[in-house]
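Below: one structure, written as structure tokens.
The values are calculated or read from the model by the stated rules, or taken from the named source; none is laboratory data. In this text the structure is predicted, and so the values were computed from the model without any measurement. Every residue, glycine as well, gets a Cβ built from its backbone with ideal geometry; the counts of neighbours run over all protein chains shown. These area figures cover heavy atoms from the full protein model, side chains too; ligands, DNA and RNA do not enter into them. Shrake-Rupley method; radii C 1.70, N 1.55, O 1.52, S 1.80 Å.
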Amino acid sequence: MNGSPSARRTLAAVAVALAAAPLLLGNQPGGARPASATFERYAVAADEASASDVGAAILEQGGTAADAAAATMLALGITSPLSSGFGGGGFALYYRASDRSVTFLDFRERAPAASRPDMFAPAQGERPEDRATQPSQVGGLAVGVPGEPAGIEELLRRFGRLGRRAVVAPAIRMAQAGVPISEYVAGLSMPFVDDLRRDPIMRGWVGEGETAMRAGALMRNAALARTLEAFSARGARAVYRGAIAQQIARAVRQAGGILTPRDLADYRVVERTPLEGSYFGYRFVTAPPPSAGGYTMLASLAQLERVLPRDRFCRASEPNRVHALAESWKGPFRDRAVYFGDPDHVTLPLDALRAAARTEARARAYDPRRALDPEAYAMPLEGEPRAPTAQPRSGGTTHLCVVDAEGNVAAVTTTVNLFFGARFTAAGLVMNDEMDDFARAIGAPNAFGLPGGPQNLPGPGKRPVSTMTPTIVIGDAGPVLCIGGAGGSRIVTATEQVALRILAQHLPLDRALAAPRFHHQGFPNVLNYEPSLDAQTQAAMRGRGHRLEEMEHIAAVQAIQIRPTAPRLLAASDPRKGGAPAGR
Ligand code: DON
């Protein structure tokens, strides 16, 4: 790919849209709905109000948290197709109250069988602006085998009660009748209008002569309604085999991809043991590899607890907390870049990475007065592969939380990766561009500036490393918090910050979500901060040697706090994205 003027225009327009996004947030059509609310029986917190309503209606019918999570995911695929949907994939973490078990379902996309480690090798002299149009992000090669249909089926099979037809029905109606385009979707659509107009379905979402999707106009997807009807009647096999699978494979190949009907037929959801650890008096249960998000959060919490223990964390000044957190992310993000890959294909030395001695060495390296070079926290394991370094951007993804009347909890993060995924549809599905989460070459950054090592090169059937961090935090009497977010590399740092604000600083949920965020991912060695972070803290961080860069919008987090007494459920959608929770 070259740095054509059109590539540069796309990148510049995406940057403008992203910078404008927060201004649009909280400004949904007709939407004076508050971003947080309290409930007694059940609650759903999605990043879009009508999707929360769909989940709440399923709970009202007696559905479980799994039924509601599935219905909400399907609704989000209609209302916000630039973020998630049947053409994408994700992770679901499920707490079952009856036996207190926590199950992790991995329905992440897999690389097609014809994938090769060098399939996205960067061209000589590639510049950052060239990346927005590269084949790992746009077009057929960017597409991993979608996991969401199989993921939803498995979630319902394991934990559902109402049956597939009841759960899928609202989404079919929405796709057929159309849904009003939200301010959020409209505001982000402008840079993609040329791509949308090239697609037979998405072109219907942009009015004649208009330069962007228009808020309030109806967005229909009759082809997706047909695919959902087939799924409703026959389950995931209706999507992964037969006519729809043929249609998907054909469309991907026409867009320059290598996906075959066989790849679709071979797709499997994987149940994995969640990753967990106890910090700050709570048990954090979260995503295992192929997500690096869970590991990053737990490794950061382990270091944090040593340098700023529970009683001091709460009383610490904001600059001391920001510094301790920023320093705690540098080591784990480096580990991700060097060691992480699909655990079904490569060996991940998780125990060695999480060894107490290593955390202690990092805590000893920590200097409360001074920002360290990320390499100061390296603590390489023996025989470490070559360490990559690298640079960021943004995209789709959605996180939702559900707590039902029986105390079951679902935390689901799902995505098509960047906005509008690979920017074409097949059988009504907006196809993901999850292949960009692989390392295009050792050390080459993905769209979020995250470099990958040899373990994360593309390969047949491999799942790319993710940051998605659906998390359930458990106290002595059961779950106390369901949380997770969207926002690429910022998912994990935002999820952890909000969780700590609620559980360790005891801030009310809405304030914990609204508070200014910061982010550090080691590479680049930059502390990002939202403009609302107070000037004193910014100055204090500069004084300690951090290089600061403003970032308008650090992730979108949804959360439900579960309490023993009324109000039992505090639910909130991130005010940055304009969603609202629902429940009773
Ligand atoms: O799996 C991941 O980590 C990414 N594909 C997530 C992308 C994302 O969150 C886009 N941003 N909002």
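May I ask you to derive the relative contact order of the chain, considering only C-alpha pairs under 8 Å and at least 6 residues apart, and to give it as an integer percent?
RCO, the chain: 25 percent.
Given the convex hull of the Cα atoms of the stretch 185-315, what is a quarter of its surface area in nm²?
Reported value for the Cα convex hull: 13.5 nm².
Rolling a 1.4 angstrom probe over the protein heavy atoms, how many square angstrom per residue are accessible across the chain?
34
For the chain, what does -39500 (n - 2.57) per DSSP helix run (n ≥ 4), summed and divided by total residues, give at 222 nm, in deg cm²/dmol to the nearest 500?
Mean residue ellipticity, 222 nm, calculated: -10500 deg cm²/dmol.
Eigenvalues of the Cα gyration tensor times 5, then square-rooted: what semi-axes does that give for the chain, in whole angstrom, largest first?
That gives 33, 28, 23 Å for the three semi-axes.
From the backbone phi of the stretch 417-424, what are the Karplus-calculated ³J(HN,Hα) couplings (6.51 cos²θ - 1.76 cosθ + 1.60, θ = phi - 60°) in whole Hz, Gly and Pro given as x?
Result, rounded to whole Hz: 6, 7, 3, 6, x, 7, 6, 8.
So if I take the centroid of the Cα atoms in the stretch 406-460 and the same for the stretch 492-522, what is the distance between those two points in Å?
24
Could you sort Asp476, Asp311, Asp47, Asp351 by their accessible area in this structure, using a 1.4 Å probe and putting the largest first?
Ranked list, largest accessible area first: Asp476, Asp351, Asp311, Asp47.
As a test of reading the structure, rank Glu552, Glu210, Glu271 by solvent-accessible area (1.4 Å probe, protein chains only), most first.
Result, largest first: Glu271, Glu552, Glu210.
Which ³J(HN,Hα) values, rounded to whole Hz and listed in residue order, are derived for the stretch 557-566 from phi using the Karplus coefficients 6.51, -1.76 and 1.60 in 6.51 cos²θ - 1.76 cosθ + 1.60 with θ = phi - 60°, glycine and proline given as x?
Residue by residue, the stretch 557-566 yields 10, 10, 8, 10, 9, 10, 10, x, 10, 5 Hz.
Taking H placed 1.01 Å from N in the peptide plane, check which residues at least 5 places from Leu481 or on another chain put their amide H under 5 Å from its amide H.
HN-HN under 5 Å from Leu481: Val473, Ile562.
Evaluate Rg over Rh across the stretch 405-527, taking Cα atoms for both radii and Kirkwood's formula for Rh.
Result for the stretch 405-527 is an Rg/Rh of 1.03.
When all protein chains stay in place, what accessible area (Å², nearest 10, 1.4 Å probe) is found for Thr565?
80
Packing-wise, with mean Cβ within 10 Å as the measure, how do 429-436, 216-223 rank, highest first?
429-436, 216-223
Leaving ligands, DNA and RNA out of it, rank Arg563, Arg315, Arg547 by accessible area with a 1.4 Å probe, largest first.
Values: Arg563 75, Arg315 170, Arg547 135 Å².
Solvent-accessible surface, decreasing: Arg315, Arg547, Arg563.
Between the stretch 110-174 and the stretch 278-352, what is the separation of their alpha carbon centroids in Å?
27
Given H placed 1.01 Å from N in the peptide plane, which residues other than close sequence neighbours of Ser291 have an amide H under 5 Å from its amide H?
Long-range HN contacts for Ser291: Ser466.
In Å, what Rg and Dmax follow from the Cα atoms of the stretch 507-561?
Final numbers for Rg and Dmax: 12.4, 36 Å.
Would you mind telling me the share, in percent, of accessible area of the chain contributed by carbon and sulfur at probe 1.4 angstrom? Intermediate values should be presented prior to the final figure.
On the way: 10030 of 19850 Å².
Taking all protein chains in place, the chain shows 51 percent carbon and sulfur surface.
Quick one: Karplus J couplings for the stretch 303-315, per residue in order, coefficients 6.51, -1.76, 1.60, θ = phi - 60°, nearest Hz, x for Gly and Pro?
Each residue of the stretch 303-315 in turn: 5, 4, 5, 6, 8, 8, x, 2, 5, 7, 4, 5, 8 Hz.
Stick to Cα atoms and the Kirkwood definition of Rh, then tell me Rg/Rh for the stretch 69-221.
Rounded to two decimals, Rg over Rh is 1.03.
Amide H neighbours of Thr260 under 5 Å, counting only residues 5+ apart in sequence or on other chains, H built in-plane at 1.01 Å?
Excluding prolines and chain starts, which carry no amide H, the hits are Ala113.
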